[in-house]
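**Student:** After the structure tokens below, expect a handful of questions from me.
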Amino acid sequence: MTTNALITGWGMYAPSHVMTNDDLAKLVDTNDEWIVTRTGIRERRIAADDETTTMLSVNAARDALAVAGLDPAELDLVIVATCTPDYPLPATSVLVASELGATRAAGFDLQAACSGFLYGLASGTSFVRSGMYRNVLVIGVEILSRFLDWSDRSTCVLFGDGAGAVLLQASDQPGGMLGFDLFSDGGGCEAIIVPAGGSINPASHATVDARQHTIKMLGSEVYKYATRQMGESALAALRSAGMTVDDVDQFVFHQANLRIIHSVQKQFGIPDEKTFVNIEKYGNTSAASVPMALVEAIASDRVKPGDRILMVAFGAGYTAGGAVIEWTADPSRALLAPGSQTRLGEPQRTLADAAV
Ligand code: ACO
């Protein structure tokens, strides 16, 4: 009998601090009109000083486990996709598993930038389908605000912090994860890079002084590559599931730039009602972007059992990925789970002074 990997739990966490475009205009020479027109972003969440990548992950993961009704001790594996871990060493996933009480779970981190969650989902699905594990938690999480040059207007306006998590469970029920495509091209290395802190440029006073521990990006090059590759990854993932664009009920694209999303929509004739967008609230949260959008799409009644969802991401590397789901869970489970979705509400306070 075939073992399928079904998504049975989902959750997200967005830090409560909101930074608006007007807040940013107090830090760098920018304005709300430029940011909204060029990117679609109106505000983003910024982790508080005492929030860690592990904490964001655990908040999202607890919701996912509550939705599924699974005891953390039953988890076999925790995969954390992030390019902003708590430490270079050890892995954030191990800290997340401990904090959750996932006492018998294995854990590893995975770095594929904004495509990381889809790489994690493909990995988790493979573990489940092979029969090695039954309960796998996949988390996409970032605290990018700690890796931004807050004097560089070409990058600091784009990114935000957050986490999204899904629980994959083995089942003989049909549906769940139907197809994937993963892509990489190291030729894009210089286009999005944190130049120092790795083995080529270890941290030094000079690297800190030169702000080389923050994200540098050649925006317009990335833009051109992303618009083309998102379409190719979408088609490749659909092919692997034996489907076409017309078979998809909901598209969940990486929320990097509204213009990139519109360009993919235009390429395939995808209507707005089939395209979930929340970039205006969170900006580009890298590996957290796709799972946060998925969770909010479910919370917005965009997804029902039997629906086919295509998720597509693109990121530094370059990397890209696509994944097709046939949705099987009752979306209202999230509302019944104690504490779940509570953090999807309105922000509790604003960061008017943009003190980051
Ligand atoms: N406010 C005002 N003006 C700005 C700002 C700003 N924040 N940033 C740049 N500008 C100016 C530039 O200086 C330039 O001015 P000039 O014409 O006088 O030289 C002008 O605006 C146009 O700049 P471009 O970079 O050409 O603007 P573009 O339309 O390409 O938009 C953007 C820039 C939004 C970054 C876009 O290129 C983009 O979204 N790229 C893709 C980013 C992406 O998808 N990243 C995903 C991966 S991220 C990861 O993996 C972690």
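The values are calculated or read from the model by the stated rules, or taken from the named source; none is laboratory data. Predicted model, so just to flag it, every value in this text is computed and none were measured. As a convention, Cβ positions derive from the backbone with ideal geometry for all residues, glycine included, and neighbour counts pool all protein chains shown. We work out accessible area using only protein heavy atoms, side chains counted, and drop any ligands, DNA or RNA first. Shrake-Rupley method; radii C 1.70, N 1.55, O 1.52, S 1.80 Å.
**Student:** Size of the dipole of the range 131-239 about the Cα centre, Lys and Arg at +1 and Asp and Glu at -1 on the beta carbon, nothing else charged, in debye to 20?
**Tutor:** Details: 8 positive and 11 negative charges, 15 e Å.
Roughly 80 debye, rounded to the nearest 20.
**Student:** Normalised by the residues of the range 232-302, what does the relative contact order come to in percent, with Cα pairs under 8 Å and at least six apart?
**Tutor:** Dividing the mean separation by the residue count of the range 232-302 yields 34 percent.
**Student:** Measuring from the lowest to the highest alpha carbon on each principal axis, how far does the range 178-326 reach, largest first, in angstroms?
**Tutor:** 55, 29, 24 Å, listed from the longest principal axis down.
**Student:** Quote the FRET efficiency, to the nearest 0.05, computed for Ser154 versus Lys304 with a Förster distance R0 of 25 Å and r equal to the Cβ-Cβ distance.
**Tutor:** On the way: r = 40 Å, r/R0 = 1.62.
E(calc), rounded to 0.05, equals 0.05.
**Student:** Which lysines does Lys224 reach when only Cα atoms under 30 Å apart count, and residues fewer than 8 places away in its own chain are ignored?
**Tutor:** Lys26, Lys216, Lys266, Lys274, Lys281
**Student:** Can you list the residues, at least 5 places off or on another chain, whose amide H is less than 5 Å from the amide H of Gly179, using H built in the peptide plane?
**Tutor:** Under 5 Å from the amide H of Gly179: Val324.
**Student:** Sticking with this one: At a threshold of 8 angstrom on Cα-Cα distance, excluding pairs fewer than six apart, so keeping six or more, what relative contact order does the range 183-311 reach in percent? All intermediate terms of the calculation are to be shown ahead of the outcome.
**Tutor:** Working: 128 pairs, mean separation 30.5, N = 129.
Relative CO of the range 183-311 lands at 24 percent.
**Student:** With a cut-off of 8 Å between alpha carbons and a minimum separation of six or more residues, what is the relative contact order of the chain in percent? Provide the component values of the computation, followed by the final result.
**Tutor:** Numbers: 894 pairs, mean separation 95.4, N = 356.
Worked out over the chain, it gives 27 percent.
**Student:** With a 10 Å cut-off between alpha carbons and a GNM built on the chain, which of Ile298, Ile79, Ile279 moves the most?
**Tutor:** Checking each option, the largest mean-square fluctuation is seen for Ile298.
**Student:** From the helices alone, meaning DSSP H stretches of at least four residues, give me the mean residue ellipticity at 222 nm for the chain, per-run term -39500 (n - 2.57), in deg cm²/dmol to the nearest 500. Please report the intermediate quantities before stating the final value.
**Tutor:** Working: 12 runs with 114 residues, N = 356.
-9000 deg cm²/dmol, from helical runs alone.
**Student:** Shifting gears a bit: Which order do you get for His254, His205, His213, His17 if you rank them by accessible area with a 1.4 Å probe, largest at the top? Let's see the in-between values first.
**Tutor:** Numbers: His254 5, His205 160, His213 50, His17 30 Å².
Correct descending sequence by accessible area is His205, His213, His17, His254.
**Student:** Efficiency by 1/(1 + (r/R0)^6): what FRET value for Val36 and Ile193, r their Cβ-Cβ distance, R0 = 30 Å, to the nearest 0.05? Display every interim value, and only then the final one.
**Tutor:** Working: r = 27 Å, r/R0 = 0.89.
FRET efficiency, Val36 to Ile193: 0.65.
**Student:** Take every DSSP beta bridge with both residues inside the chain and express the antiparallel ones as a percent of the total, to the nearest 5.
**Tutor:** On the way: 39 of 58 bridges.
Antiparallel bridges make up about 65 percent of those DSSP assigns within the chain.
**Student:** In the chain, with Lys and Arg counted as +1 and Asp and Glu as -1 at Cβ, which of these residues, Phe183, Ser115, Thr8, has the Cα nearest the positive end of the dipole, that is, farthest along it?
**Tutor:** Ranked along the dipole, the leading option is Phe183.
**Student:** If the elastic network links every pair of Cα atoms under 10 Å, which of Arg45, Arg134, Arg228 fluctuates the most in the Gaussian network model of the chain?
**Tutor:** Arg228
**Student:** Give me the one-decimal nm value for the distance between modelled label points at Tyr223 and Asp185, 7 Å along each residue's Cα-to-Cβ direction.
**Tutor:** Simple spin-label model gives 1.8 nm for this pair.
**Student:** Mind listing the long-range amide H neighbours of Phe253? Cut-off is under 5 Å, sequence gap 5 or more, other chains count too, H placed in the peptide plane at 1.01 Å from N.
**Tutor:** Phe276, Val312
**Student:** A follow-up question, please. With +1 on each Lys and Arg Cβ and -1 on each Asp and Glu Cβ, how big is the dipole of the chain about its Cα centre, in debye rounded to the nearest 20? Before the final figure, lay out each step's value.
**Tutor:** Numbers: 26 positive and 40 negative charges, 82 e Å.
Computed about the Cα centre, the dipole is about 400 debye.
**Student:** Let me ask something else. Report the percentage of all Cα-Cα pairs in the range 271-339 whose separation exceeds 21 Å, rounded to a whole percent.
**Tutor:** On the way: 712 of 2346 pairs.
Value for the range 271-339 (Cα pairs over 21 Å): 30 percent.
**Student:** Determine the share of the range 4-174's accessible area contributed by carbon and sulfur atoms, expressed in whole percent, with a 1.4 angstrom probe. Walk me through the numbers before you get to the answer.
**Tutor:** Working: 3030 of 6030 Å².
Carbon and sulfur: 50 percent of the exposed surface of the range 4-174.
**Student:** Another question, then. Enter the accessible area per residue of the chain (Å², integer; probe 1.4 Å; all protein chains in place). Please list the in-between numbers first.
**Tutor:** Values: 14490 Å² over 356 residues.
Here the per-residue accessible area is 41 Å².
**Student:** Working with all protein chains in place, sort Cys189, Cys156 by solvent-accessible area computed with a 1.4 Å probe, largest first. Write out the running numbers ahead of the final one.
**Tutor:** On the way: Cys189 60, Cys156 0 Å².
Descending accessible area places them as Cys189, Cys156.
**Student:** Still on this model: Once the dipole of the range 178-326 is set up with Lys and Arg at +1 and Asp and Glu at -1 on Cβ about the Cα centre, which of Pro202, Val295, Val248 lies farthest towards its positive end?
**Tutor:** In the range 178-326, that residue is Pro202.
**Student:** Turning to a different aspect of this structure: Tell me the label-point distance for the pair Ser332, Asp209, using the 7 Å Cα-to-Cβ offset, in nm and rounded to one decimal.
**Tutor:** Going by the 7 Å Cα→Cβ label model, 6.4 nm.
**Student:** Using 1/(1 + (r/R0)^6) with R0 = 56 angstrom and r between the beta carbons of Leu27 and Thr103, what's the FRET efficiency to the nearest 0.05? Don't jump to the answer; show the numbers that get you there.
**Tutor:** Working: r = 44 Å, r/R0 = 0.78.
It comes out at approximately 0.80.
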